[in-house]
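The numbers here are math on the coordinates, done by the rules we state, and not lab data. Keep in mind it's a predicted model, so treat the numbers as computed, not measured. FYI the Cβ positions are ideal-geometry reconstructions off the backbone, even for glycines, and counts take in every protein chain you see.
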């Protein structure tokens with residue numbers, strides 16, 4: 001029996017980590033909300049705005065408490081044989097000497113100038129490129145990815161191919177299940193936002209809102225805000241440019257996609273759901289690329305596949 005630490009950055013990644021842990025019940029599994037290194041803790045309030053920070057902490061803490069999962073904040077309560085995390089754009093110092101499994105959390109950002117910058121100057125912090133830099137740390141034993149398309153993408157970026165395992169990813173490996181839901185609305189136009197401004201990317205939000213209004217053409221319009229967004233600002237903008245639209249700051253986005261007729265996205269993982277469920281999709285992403293990268297659909301077997309990768313490491317002679 002080994003000790004396994006699961007690092008949770010969002011409710012989405014919490015669901016992923018929890019589903020993997022249920023396939024590893026013969027081991028001692030512990031959970032922690034995403035955390036920073038000590039120096040960054042001192043700097044973050046004034047200098048650093050790291051993704052998956054602040055706003056998500058209370059939600060992930062609640063996720064752990066609601067399920068009565070064993071909590072070991074920052075993983076300091078015991079020695080760990082394995083760490084499972086959904087991001088390597090920021091690495092905690094105390095996991096550097098541990099065996100790590102990295103799990104792709106969702107869609108990755110398009111490569112921008114910040115991505116090119118960290119490729120030229122690898123000493124710069126990867127988080128400035130957000131999820132476009134996923135996989136570049138090489139601190140993990142294996143990187144579990146969503147599809148063969150993503151294997152090709154990450155290999156092109158420089159990830160060592162022998163470290164990539166195509167397992168599928170929980171939450172996005174059985175899209176059809178989202179059709180069976182209790183969301184109260186149906187037959188609407190859904191606009192899913194992305195937290196571009198929060199990660200210092202340009203976002204003409206009024207134009208996006210007006211585009212959604214035009215596409216809706218008088219049909220019911222619903223906005224689903226990304227949990228990383230500054231909700232007050234986003235709500236004000238929607239009320240200004242799309243009065244009468246419904247706004248959800250939380251809730252199950254996948255189920256909202258399942259019930260809509262039309263989906264409009266910026267850079268959202270929900271684009272995968274819309275395409276998989278045959279919705280009419282408008283997106284800032286390259287739709288052909290979305291189809292090429294589509295997460296494998298394996299009827300919810302991804303958690304078991306990832307757990308098998310974890311077991312391979314735990315059972316290795318040098319562990």
Taking Cα atoms only, helix 302-314 is inclined relative to the longest principal axis of the chain by an angle, in degrees rounded to 10, of 20
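What does the extension gain come out to for residue 316 and residue 204, with contour length at 0.36 nm per residue minus their alpha carbon separation?
35.3 nm
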In degrees rounded to 10, the 0-90 angle between helix 148-157 Cα long axis and the longest Cα principal axis of the chain is 70
Over the chain, the sum of -39500 (n - 2.57) across DSSP H runs of at least four, divided by residue number and rounded to 500 deg cm²/dmol, gives at 222 nm -9500 deg cm²/dmol
Angle in degrees between helix 55-66 and the longest Cα principal axis of the chain, rounded to the nearest 10: 70
Arrange the peptides 162-168, 286-292, 102-108, 296-302 so that the one whose residues have, on average, the most other Cβ atoms within 10 Å appears first. 102-108, 162-168, 296-302, 286-292
